[in-house]
Amino acid sequence: MSRSVTCDVQRTVYTCTMQTMTATRKIVVHSAGGYDHLKLESAPTAAPARGQVRIDVRAIGVNYADTIVRMGLYASAKEFVGWPITPGFEVAGVVAAVGAGVDDLPIGTEVFAVTLFGGYASQVVVDRDKVFRRPARTTFEQAAALPAVYMTAWYALFELAHPRRGARVLVHSAAGGVGGALVQMAKLAGCEVAGVVGTSGKVAAARTLGADHVIDKSTQDLWREAERIAPTGYDVVLDANGVTTLGASYRHLRRAGKLVVYGFHSMLPKTGGRPSWPKLALDYVRTPRFNPLDMTNESRSVLAFNLSYLFDRQDLLNEAMAQIIDWIEAGKIQPPTITTYPLADVARAHADIESGRTIGKLVLVP
Ligand SMILES: NC(=O)c1ccc[n+]([C@@H]2O[C@H](COP(=O)([O-])OP(=O)(O)OC[C@H]3O[C@@H](n4cnc5c(N)ncnc54)[C@H](OP(=O)(O)O)[C@@H]3O)[C@@H](O)[C@H]2O)c1
């Protein structure tokens, strides 16, 4: 009897000690703001519930959207989480614990996963169906950089735009995370790709990704060059700039062309980390409104989406990830170029991605 009591006490003590040792380090944003609002905090490590997996995180993908979350302007973050929030849509790591009902991912399996926020942490708990085995050809850093931008590119191109072989496709921000994935996938689909970049330092990267033409808008007239490359217009334009290019992107579609809209980063600042409210208001008013009557007569379409609102579309996630993993394993597409930062340097990563100067993906290492 006394032995069993001692044993229970010991187990209790042991459990507490383990919890202290495995406390989760995570980035918490308590209210909207600049880089100083990214706080590194500690919290007890959560146990996975039925159907969930806990991942010991080795790498975390940074997305431009995370900066918009920090600024308090990301609609789905406000709708699904509110404050405080831990940003982050993607991680890679090792399965550390599983909940009841998860019998196909043994502890120690190397995985990557998508998270609906909460990814900036040393441990995350996610539903089993959001977790995928790490492709053998990728490091943890590369695997963490895959899901958000490759899923976005896959959805934009293959679910919405459906370009035919030989289609002329114009990709804005072609050396960035999503842009780099779009260039590679459009080439895989047999398209002729014009990639637009904002600095001369990105031209070589866009070419390496496979762009047939690269327009450096810091030294060239973007639309004169775009017209020279495709005098009759583009079959598909992929635009996350927003107000600065949306109207012209639409006007440069040929008949039957499709404009895919998936972001509005030109409304936001490149330095300082805080939005200008007058600029936001002005850009909102100036953002083109597309008229269905005109679109019908011109036979050109505008399509738009935000993946964070499609998180419950497990069918799309499974199909996209199976295809992306296949392409990566077969060497048909390459993982993005990676720049790593310690988790504690998240502010620098945010400042860098906002600067518009980064190439490929940024990854945090906890
Ligand atoms: N709808 C969705 O589901 C979804 C999913 C993922 C990402 N996104 C959006 O896709 C875009 C790219 O995301 P990402 O994470 O892959 O980032 P990224 O392309 O790696 O970095 C952002 C790039 O956008 C351009 N840029 C940034 N700030 C700008 C500004 N103020 N004015 C003009 N251009 C600016 C810069 O490229 P250049 O100067 O070379 O153009 C910069 O390198 C973002 O707008 C993001 O919100 C949307």
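The values are calculated or read from the model by the stated rules, or taken from the named source; none is laboratory data. Only a predicted model underlies this, so the values are computations on that prediction, with no experimental measurement involved. Here the Cβ is made from the backbone with ideal geometry for all residues, glycine too, and neighbour counts use every protein chain on show. For accessibility, only protein heavy atoms count, side chains too; no ligands or nucleic acids. Shrake-Rupley method; radii C 1.70, N 1.55, O 1.52, S 1.80 Å.
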Dividing the alpha-carbon radius of gyration of segment 141-204 by 2.2 N^0.38 Å, where N counts its residues, gives 1.09
Trypsin sites (Lys or Arg not before Pro) in segment 110-146 lying in a DSSP loop, each with at most 14 other Cβ atoms within 10 Å of its Cβ, come to R137
Taking Cα atoms only, helix 2-21 is inclined relative to the longest principal axis of the chain by an angle, in degrees rounded to 10, of 30 degrees
Placing each pseudo-label 7 Å from Cα in the direction of the beta carbon, A136 and S31 end up separated by a distance in nanometres of 5.3 nm
What helix-only [θ] at 222 nm does the chain give? Using -39500 (n - 2.57) per DSSP H run of at least 4, over all residues, to the nearest 500, the answer is -9500 deg cm²/dmol
Cα-based Rg then Dmax for the chain, in Å, read 22.1, 88
In whole Hz, the Karplus estimates of ³J(HN,Hα) for segment 51-65 (6.51, -1.76, 1.60; θ = phi - 60°; x where Gly or Pro) are x, 10, 10, 9, 10, 7, 7, 10, 7, 10, x, 9, 10, 3, 4
Each label sits 7 Å from Cα toward the beta-carbon; between N306 and A75 the label points are separated, in nm, by 0.5 nm
Length-normalised contact order of the chain, Cα under 8 Å, at least 6 apart, in percent, tallies to 17 percent
Taking r as the C-beta separation of R357 and E298 and R0 as 45 Å, the FRET efficiency to the nearest 0.05 is 0.80
Within the under-12-Å Cβ sphere about G233, not counting G233, Lys/Arg +1 and Asp/Glu -1 give a net charge of +3
Restricting to Cα pairs under 8 Å and 6 or more apart, the percent relative contact order of segment 203-294 works out to 22 percent
Heavy-atom accessible area with a 1.4 angstrom probe orders W154, W83, W277, most exposed first, as W277, W83, W154
If one compares the long axis through the Cα atoms of helix 277-286 with the longest principal axis of the Cα atoms of the chain, the angle in degrees, nearest 10, works out at 50 degrees
Under the 7 Å Cα-to-Cβ spin-label approximation, W83 and D104 lie apart by a distance in nanometres of 4.2 nm
Using alpha carbon centers only, segment 271-325 is separated from segment 97-165 by a whole-angstrom value of 22 Å
Volume per residue (Å³) of the convex hull spanned by the alpha carbons of segment 13-106 is 124 Å³
Other residues with Cβ under 14 Å from the Cβ of H252 give, with Lys and Arg +1 and Asp and Glu -1, a net charge of +3
Hull surface over four for the Cα convex hull of segment 46-94, reported in nm², is 4.2 nm²
If the chain between S276 and T199 were fully extended at 0.36 nm per residue, the gain over the current Cα-Cα distance would be 25.4 nm
Subtracting the Cα-Cα distance of T208 and D345 from 0.36 nm times their residue separation yields 46.4 nm
Expressed in square angstrom to the nearest 10, the accessible area of M185 with a 1.4 Å probe stands at 0 Å²
Taking Cα atoms, the helix 177-188 axis meets the longest principal axis of the chain at an angle in degrees (rounded to 10) of 60 degrees
